[in-house]
1. Open to solvent by less than 50 Å² (accessible area, probe 1.4 Å) and within 19 Å of R113 (Cα to Cα): is that true of I30 in this structure?
2. Sort out for me the helices (runs of 4 or more DSSP H) sitting completely within the range 2-68 that have 2 or more residues that are touching a residue at least 24 places away in the same chain (Cβ under 8 Å) and either closer than 21 Å to G162 by Cβ or of a type in the set (K, R) (or both).
3. Take the range 128-166 and flag every residue that is in a helix (DSSP H, G or I) and of a type outside the set (S, T, N, Q).
4. Restricting to the range 39-62, name every residue that is over 18 Å from the mean Cα position of the chain (by Cα) and farther than 9 Å from V92 by Cβ.
Amino acid sequence: DATIFRLYDTTGSQWAKMAKMIPGRTDNGIKNRFHNLRRQLEREDEHRLRLSKPEDYPSEIYLDKMKKQLPKHLLGKSADLWDATAPGTLAVIAALSVLGGTGNRTHGMGIGRFGPFRSPKAGGEQCTRCGLFAPSAQTGDEICSKTRWCKACTRVPPHLAGDLLRECLRLRKCQDAEKVKIINGMM
């Protein structure tokens with residue numbers, strides 16, 4: 001699912017090109033999956049926004065880092081498809097990724113899809129989804145053995161990709177008191 005959204009952001013609605021890049025999927029199958037997921041994720045984003053606001057999570061996210069308007073270079077071709085690009089939505093998603101919740105379900109990513117989790121290799125390990133190195137405040141302290149995604153990426157919906165995903169992860173606060181002292185000492 002995340003691959004389909006990432007490809008949509010780069011190629012647009014060129015389903016045949018995507019079918020060549022994803023073995024075992026037809027262009028029509030990819031298009032149908034994309035549109036079904038988009039509708040499902042739109043409903044979840046609306047539900048998430050109705051239930052909470054970024055200000056509800058002062059200990060999970062940096063409220064002062066929230067941008068009032070996201071720059072155009074952060075937005076992919078799918079940005080106009082839903083309100084997940086609104087800074088408030090990104091902040092709530094970032095907070096839920098810290099807390100381990102998703103708002104109301106697992107975003108179509110099946111409970112058995114992730115895990116077991118392990119510590120990153122000595123010297124850090126790069127997440128294959130966001131490209132950030134774990135362990136860090138943005139990625140968390142664990143990597144999925146199956147997908148090699150960081151813990152944070154497994155908790156973020158698949159329609160956030162690239163720079164927009166990294167912008168979301170940038171809002172996360174570290175929850176380990178010892179690490180917070182070190183981080184705050186560096187600023």
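The values are calculated or read from the model by the stated rules, or taken from the named source; none is laboratory data. In this text the structure is predicted, and so the values were computed from the model without any measurement. As a convention, Cβ positions derive from the backbone with ideal geometry for all residues, glycine included, and neighbour counts pool all protein chains shown. Accessible surface areas use protein heavy atoms only, side chains included; no ligands, DNA or RNA. Shrake-Rupley method; radii C 1.70, N 1.55, O 1.52, S 1.80 Å.
1. Values: open to solvent by less than 50 Å² (accessible area, probe 1.4 Å): yes; within 19 Å of R113 (Cα to Cα): no.
Judged against the criteria, I30 is not a match.
2. Numbers: elements: 2-11, 15-21, 27-51.
Per the criteria, 2-11, 27-51.
3. Within the range 128-166, the first condition is being in a helix (DSSP H, G or I), and the residues that meet it are 151-154, 162-166.
Of everything in the range 128-166, those that are in a helix (DSSP H, G or I) and of a type outside the set (S, T, N, Q) turn out to be K151, A152, C153, G162, D163, L164, L165, R166.
4. R50, E55, P58, S59
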